[in-house]
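Step one of this worksheet: look at the structure below.
Coordinate-derived values only; no laboratory data. Only a predicted model underlies this, so the values are computations on that prediction, with no experimental measurement involved. Cβ placement follows ideal geometry from the backbone for every residue including glycine, while neighbour counts extend to all protein chains displayed.
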Amino acid sequence: VTRHENVLFLGPPGVGKSHLAVALAVEAISQGISVYFVSLSQLIEDLRKAYTENRLDKRLRIYIRPKLLIIDEIGYLPFDSLAANLFFQVVSARYERGSILLTSNKSFGEWGELMGDPILAT
């Protein structure tokens, strides 16, 4: 977290990715590190609403501010182009500012199809 590095937990459903992410969040909080935990579907729903209400920049700050952002369940639902763009904005805005921990039941190679854009997925 202090080096702003990111972590990716991949694996089939039920192996404990989310449980491990929560355990790391609890440990980070015990060390005074700010953490925000959100599922990808919640993140996209929240940012999509902010986008339609023309307050996206303000809402993005909630996801940029913590030292550790945990985004759970990537791959549970496919992205449309707006969702992919919103997700990219969060990841891009956090670059070298904070760490992201992602959990997914999809292999990294499947993310291009999931997001509808292989280049965006990289």
- line: Measuring from its Cα centre, the chain shows a charge dipole (+1 at each Lys and Arg Cβ, -1 at each Asp and Glu Cβ) which, in debye to the nearest 20, is 480 debye
query: Hey, what do the phi angles of region 70-81 turn into as Karplus ³J(HN,Hα) couplings, whole Hz, using 6.51/-1.76/1.60 and θ = phi - 60°, x for Gly and Pro?
result: 10, 10, 9, 6, 6, x, 5, 10, x, 8, 9, 5
- prompt: With θ set to phi - 60° and the Karplus curve 6.51 cos²θ - 1.76 cosθ + 1.60, what are the ³J(HN,Hα) couplings of region 93-109 in order, to the nearest whole Hz, using x for Gly and Pro?
  reply: 5, 7, 3, 6, 10, x, 8, 10, 10, 10, 10, 7, 9, 9, 5, 4, x
query: Long-range amide H contacts for Phe9: which residues qualify at under 5 Å (H placed 1.01 Å from N, peptide plane, sequence gap of 5 or more or a different chain)?
result: Leu102, Thr103, Ser104
Distant-in-sequence amide H partners of Ser39 (H built 1.01 Å from N, under 5 Å): Asp72
task: Could you give the spread of the C-alpha atoms of the chain along their three principal axes, from largest to smallest, in whole angstroms?
output: 37, 34, 22
- request: Give a residue-ordered list of calculated ³J(HN,Hα) values for region 83-91 (Karplus: 6.51 cos²θ - 1.76 cosθ + 1.60, θ = phi - 60°; whole Hz; x for Gly, Pro).
  value: 4, 4, 5, 5, 4, 4, 4, 5, 4
- line: A correct Kirkwood calculation over the Cα atoms of region 1-51 returns a hydrodynamic radius in Å of 12.9 Å
- prompt: Rounded, prolate or oblate: which fits region 52-93 when a ≥ b ≥ c are the square roots of the eigenvalues of the alpha-carbon gyration tensor, with rounded for a/c under 1.5 and prolate only if a/b beats b/c?
  reply: oblate
- prompt: From the residues Pro12, Ile33, Ser107, which one has its Cα farthest along the dipole of the chain in the positive direction, the dipole being from +1 and -1 charges on Cβ of Lys/Arg and Asp/Glu about the Cα centre?
  reply: Ile33
field: Set of aspartates and glutamates with alpha-carbon distance to Lys58 below 19 Å, sequence-local pairs under 8 removed
entry: Glu45, Asp46
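How high is the relative contact order of the chain? Use alpha-carbon pairs under 8 Å, at least six apart in sequence, and give a whole percent.
Working: 175 pairs, mean separation 45.1, N = 122.
Relative contact order here is 37 percent.
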query: Tell me which lysines have Cα within less than 24 Å of Lys17's Cα, excluding those fewer than 8 residues away on the same chain?
result: Lys67, Lys106
query: Add -39500 (n - 2.57) for each DSSP H run of 4 or more in the chain, then divide by its residues: what number comes out at 222 nm, to the nearest 500 deg cm²/dmol?
result: -14000 deg cm²/dmol
- prompt: If r is the Cβ-Cβ distance from Glu45 to Val15 and R0 is 25 Å, what FRET efficiency results, to the nearest 0.05?
  reply: 0.45
